[in-house]
Amino acid sequence: MRLDAGNAVELTRLLVKVDSRNPDLVAGAPAEGEVARALGSVLEAWGFRVSLQEVVPGRPNVVARIGTPGRRSLMFNGHLDVVGVEGMTHAPFDGLTTDGKLYGRGATDMKGGVAAMCCAAWRAAQAGLAGEVVVAAVVDEEWQSAGTKCLIDRGVRADACIVTEPTRLAIAPAHKGFTWTEVAFTGRAAHGSRYDVGIDAIRHAGLLLAELDRLEREELVLHTHPLLGHASLHASSISGGSGWSTYPDQCLVTVERRTVPGESPDDAVHEMRQALKRVVAATESVRGDVRHVFSQWPSDVAVDAPVVRSLSAAMEGVGERVSIDGLSAWTDAALLNAAGIPAICYGPGDISLAHSATEWVEEREITRATAVLERMALDWCGAT
């Protein structure tokens, strides 16, 4: 597939036009295979050494290398999957531009960032790279990050990484983690008139929700990070009951806990179990069970770490104002950091537009991000 080499806006448009909805989120969705093959074809034509590494059948990571292997290396990482399109206010995969804004599902989250990192790597190579840039365009970040986990398991490494998630061109060295738990309450079914027999599982779930409300207001607000604010939780869903005149014998509550650096998934699960224990102590008839469903750790890189200093210098070098901020959303940077690759986020687009009914990215931001990342690659890897 031919495309003018190094044109990040047009590469964004090409990627947005390919439906890459994640099938773990949207039943019957096409997944990332087509967009991975399209991107791989473009990068191969531009002179990258390209490998499509299948993560699960039909869903490959794109790993593309350019520059001189064996010397200092830099990874650019971004995901190719997108979420569903229900309720969108514009055509999700047309990639049209209006008033300098490129519209489409994935435009800001994060095909604009993927295009910027690919074009930056190519441009740096044309200027002469003493080291190597590894471009990793991965699958499944929107669900359970199978792509980056597979990348790490297969030994793909670099001396540092920029994850080009949408940060509005701010450097984001830290982001929150999350832990999903569900609490299953068991009551006793009975006719609605039989308070002497029935046990209301939904009402008991409400007692836990009240305790969680207290927990956040009094305790989680004290769990803070200078860039991220405080830890938080919310009830994601609640279900139970069978009819107006029947005591509900089951109720299931799902809760997401957003963790800050210094907190672990085990901490969050223990916290939930302790909250339920306090409810049971106050109301003996409560019967509930906590189950840990899934977690991702928070990510934290020091603001004076070499990768942050290098990206800051690159921004200054092309005339950008340096801004350092936290990112509320979770990203694959946490997995890369855990694998020993210092990883921070920087990219075009606004995270508040991700997954939204109206999603767009400013074309000018894509271009600016490309210039910064090109300079970063040359500064980090060295120029010939």
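The values are calculated or read from the model by the stated rules, or taken from the named source; none is laboratory data. What you are looking at is a predicted structure, and each value in this text was computed from that prediction instead of being measured. For neighbour counting, all protein chains shown are included, and Cβ atoms are generated from backbone atoms with ideal geometry for every residue, glycine included. Note: accessible area is taken over every heavy atom of the protein model, side chains too, but ligands, DNA and RNA are not part of it. Shrake-Rupley method; radii C 1.70, N 1.55, O 1.52, S 1.80 Å.
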Every pair of residues 6+ apart whose Cβ atoms lie under 7 Å, when the first sits in the stretch 305-330 and is within 23 Å of Ala354 (Cβ to Cβ) while the second is of a type in the set (Phe, Trp, Tyr) and in a loop (DSSP other than H, G, I, E, B): Leu311/Tyr346
Of all residues making up the stretch 8-36, the number that are open to solvent by 50 Å² or more (accessible area, probe 1.4 Å) and either assigned to a loop (DSSP other than H, G, I, E, B) or more than 20 Å from Gly112 (Cβ to Cβ) (or both): 6
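Go through the stretch 242-253 and give me each residue that's closer than 16 Å to Leu207 by Cβ and either aromatic (Phe, Trp, Tyr) or open to solvent by less than 70 Å² (accessible area, probe 1.4 Å) (or both).
Filtering the stretch 242-253 for residues closer than 16 Å to Leu207 by Cβ gives 247-248, 250-253.
Within the stretch 242-253, Tyr247, Pro248, Cys251, Leu252, Val253 meet the criteria.
For the stretch 82-91, indicate whether the set of residues that are closer than 11 Å to Val139 by Cα and not in a loop (DSSP other than H, G, I, E, B) is non-empty.
yes
Tally time: how many residues in the stretch 199-225 are without any contact (Cβ under 8 Å) to a residue 12 or more places away in the chain and of a type outside the set (Val, Ile, Thr)? Even if it seems obvious, please write down each step before you answer.
So the first thing to find is which residues in the stretch 199-225 are without any contact (Cβ under 8 Å) to a residue 12 or more places away in the chain, and the list is 203, 206, 210, 213-214, 217-219, 221-222.
Those still in the list that are of a type outside the set (Val, Ile, Thr) too: 203, 206, 210, 213-214, 217-219, 222.
Qualifying residue count, the stretch 199-225: 9.
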Scope the stretch 83-122; condition under 23 Å from Ala27 (Cα atoms), surrounded by 15 or more Cβ atoms within 10 Å (Cβ to Cβ), among the hydrophobic types (A, V, I, L, M, F, W, C) and out of contact with any Lys or Arg (no Cβ under 8 Å at 6 or more places or on another chain); matching residues: Ala107, Met110
Pair list, Cβ < 6 Å and 6+ apart or interchain, from the stretch 181-198 residues that are farther than 30 Å from Asp266 by Cα to residues that are among the basic types (Lys, Arg): Gly198/Arg188
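Given the criteria open to solvent by 50 Å² or more (accessible area, probe 1.4 Å), in a helix (DSSP H, G or I) and farther than 20 Å from Arg154 by Cα, does Glu44 qualify?
yes
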Residue check, Glu54 among the acidic types (Asp, Glu), more than 19 Å from Ala125 (Cα to Cα) and buried (at least 18 other Cβ atoms within 10 Å of the Cβ): no
